[in-house]
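Throughout, read-outs are computed from the coordinates displayed, never taken from laboratory work. All values derive from a computational prediction rather than experimental measurement. Every residue, glycine as well, gets a Cβ built from its backbone with ideal geometry; the counts of neighbours run over all protein chains shown.
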Amino acid sequence: SSDLTEYPERMKSEKFLVALDVAMRSRENAQKIFNGRLDRKMYKKRMEAYKTLHDSAMEVINDRLNGKTKSEGDPDLLDRMLSTIDEETTEKMDIELIRNHLIMFLLVGHDSTSSLLTSLIYVLTQHPEVEDRIREEIDTVIGDGVPNMENIKIKCPLCPECLQGPDD
């Protein structure tokens, strides 16, 4: 919801973010409110959200196909989906399937990231000594600066450890 995001104004103005939010919440809300069935207004809003997601994903795919965008360094997931040839059919993936996978990865990525952060925060509340060490490390390395991947991954060794499982 827009009150939970860092940039609430973007949630109101960027159609893709609004559509992502509607798509994720409409099914959940239907389960709670309508015993699994969507009312017409909610259904229409959900279908409009799906269309926006589909259109946005196709724009990303077409931009990549037309050379407007490219991955930096090694091929990214989209490059791989666009270029991989199925061994059985000897054909590339269907664009519609790529579009659906792209949307799925965004939805799943959002869910898994929020689950990870929720779990991390809960575990830290159970181990205040670790929370204190992390806070101290962040204050020492970053101070009043802006966190970035370099100072978190390289200069804050305890932070990446928190994101790894015991067997990693």
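What order do you get for 47-55, 80-88, 129-137 when each peptide is scored by the mean count of other beta carbon atoms within 10 Å, highest first?
Result, highest mean first: 47-55, 129-137, 80-88.
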Where labels lie 7 Å past Cα in the beta-carbon direction, separation of Lys15 and Asp94 in nm: 2.5 nm
Contour excess over end-to-end distance, with Cα ends at Glu150 and Asp76 and 0.36 nm allotted per residue: 24.6 nm
Residue-by-residue Karplus 3J(HN,Hα) for segment 102-107, coefficients 6.51, -1.76, 1.60, Hz, glycine and proline x: 4, 5, 4, 4, 5, 5
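Applying 1/(1 + (r/R0)^6) with R0 = 41 Å to the Cβ-Cβ distance of Arg133 and Thr84, what FRET efficiency is obtained, to the nearest 0.05?
0.40
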